[in-house]
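One structure is given below, represented as structure tokens, and several questions about it will come after.
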Amino acid sequence: MEQPIKILIVEDNVIIADDMQSMLEEIGYEIVDNVIVYEQAVEVLKTQQVDLVLIDIILASDKTGIDLGKHIRENYDIPFIFVTSNSDRATVENAKTVKPNGYLVKPFEQQDLYTSIEIALSNFIYGKQNTSNGTANSGNTEDVAMSNSILKDSIFVKKQHLYYRIQFGDIQFIKADNVYLEVNTVDKKFLVRSPLKDYLEKLPQNKFYRAHKSYIVNVDHIDAINSKDIMINNTLIPISKDFKEFIISAMNS
């Protein structure tokens with residue numbers, strides 16, 4: 001099932017931290033934890049699934065938020081945003097050394113927080129796409145908004161104003177529809193802007209196959225098959241001759 005983005009807050013002012021948590025939960029994000037020191041944050045990252053971290057630069061510990069940013073860069077492939085009341089040149093230059101995905105200066109409003117997170121996620125996800133494609137893409141805002149990326153055992157897709165994480169196993173089939181792909185789970189559909197061939201390369205090769213020029217299917221979800229179609233969740237999907245032979249061979253092996 002799709003899951004909201006999971007955010008870790010690292011902020012030593014508990015009033016500000018609680019306020020941030022309320023803002024984020026109201027928008028629809030999920031807060032994994034709300035901690036005040038470097039060591040607690042490291043432990044949460046080690047034991048919990050975290051998609052994005054909001055980090056105060058000055059923490060109630062010897063190690064700073066910049067130290068935490070360095071730890072994340074060296075050990076995790078996730079975006080983080082510095083949230084700080086310090087915007088002087090020295091602090092900004094120091095923060096830049098760990099390449100944060102955003103920098104938000106206190107005090108801020110809910111909309112500022114939301115915008116910073118969305119831009120950080122878009123840039124992070126779009127950057128991963130371009131890296132995996134090996135090309136630079138000028139793209140427009142809509143392309144960025146509809147972009148998606150792999151993270152561990154799942155993929156991000158955007159729906160309305162949030163990025164959702166969808167486990168690979170929950171994707172039943174993907175249908176090409178003009179410039180968009182329709183990603184189908186048990187009970188939802190997501191639209192993604194991508195060529196079908198490029199999307200197939202992002203998915204586990206042992207589960208997802210091109211069943212037809214317009215369809216990718218997760219073989220674990222096939223309920224029935226005949227000479228021309230397969231059925232997934234009461235949806236008939238046409239299949240190519242090659243895919244039919246592959247499925248029949250797999251069934252007989």
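Here, each number is a calculation from the coordinates, and none is a lab measurement. It should be emphasised that the depicted structure is a prediction, and the values quoted were computed from it without experimental measurement. All Cβ positions, even for glycine, are placed from backbone atoms using ideal geometry, and neighbour counts span all protein chains on display.
Taking the Cβ of residue 182 as the center, what net charge do the other residues with Cβ under 11 Å away carry, scoring Lys and Arg +1 and Asp and Glu -1? It would help to have the intermediate numbers written out before the result.
Details: positive: 175, 188, 189; negative: 177.
Neighbour charge sum, excluding residue 182 itself: +2.
Can you quote the Å³ per residue value for the convex hull of the Cα atoms in the range 154-214, rounded to an integer?
Working: hull volume 5.0 nm³, N = 61.
So the per-residue Cα hull volume is 82 Å³.
Evaluate E = 1/(1 + (r/R0)^6) for residue 26 and residue 191, where r is the Cβ-Cβ distance and R0 equals 22 Å; express this FRET efficiency to the nearest 0.05.
Numbers: r = 25 Å, r/R0 = 1.15.
That gives a FRET efficiency of 0.30.
Cβ under 15 Å from residue 225's Cβ, residue 225 left aside: what net charge do those residues give with Lys, Arg +1 and Asp, Glu -1?
Values: positive: 228, 241, 244; negative: 220, 223, 229, 242, 245.
Result for the neighbourhood of residue 225: -2.
Kirkwood Rh over alpha-carbon pairs of the chain, then Stokes-Einstein at 25 °C and 0.890 mPa s: what D in µm² s⁻¹, rounded to an integer? Intermediate results must be reported in sequence, preceding the final value.
Numbers: Rh = 20.0 Å.
Reported coefficient: 123 µm²/s.
Next question, about the same structure. Using the Kirkwood radius over Cα pairs, work out the Stokes-Einstein diffusion coefficient for the range 1-80 at 4 °C and 1.567 mPa s, in µm²/s as a whole number.
103 µm²/s
Here is the link list: 46/96; 70/197; 6/63; 189/241; 106/188. Which ones come out longer than 31 Å on Cα distance? Could you put the intermediate results ahead of the total?
On the way: 46/96 24 Å; 70/197 36 Å; 6/63 24 Å; 189/241 27 Å; 106/188 38 Å.
Long pairs (Cα-Cα over 31 Å): 70/197; 106/188.
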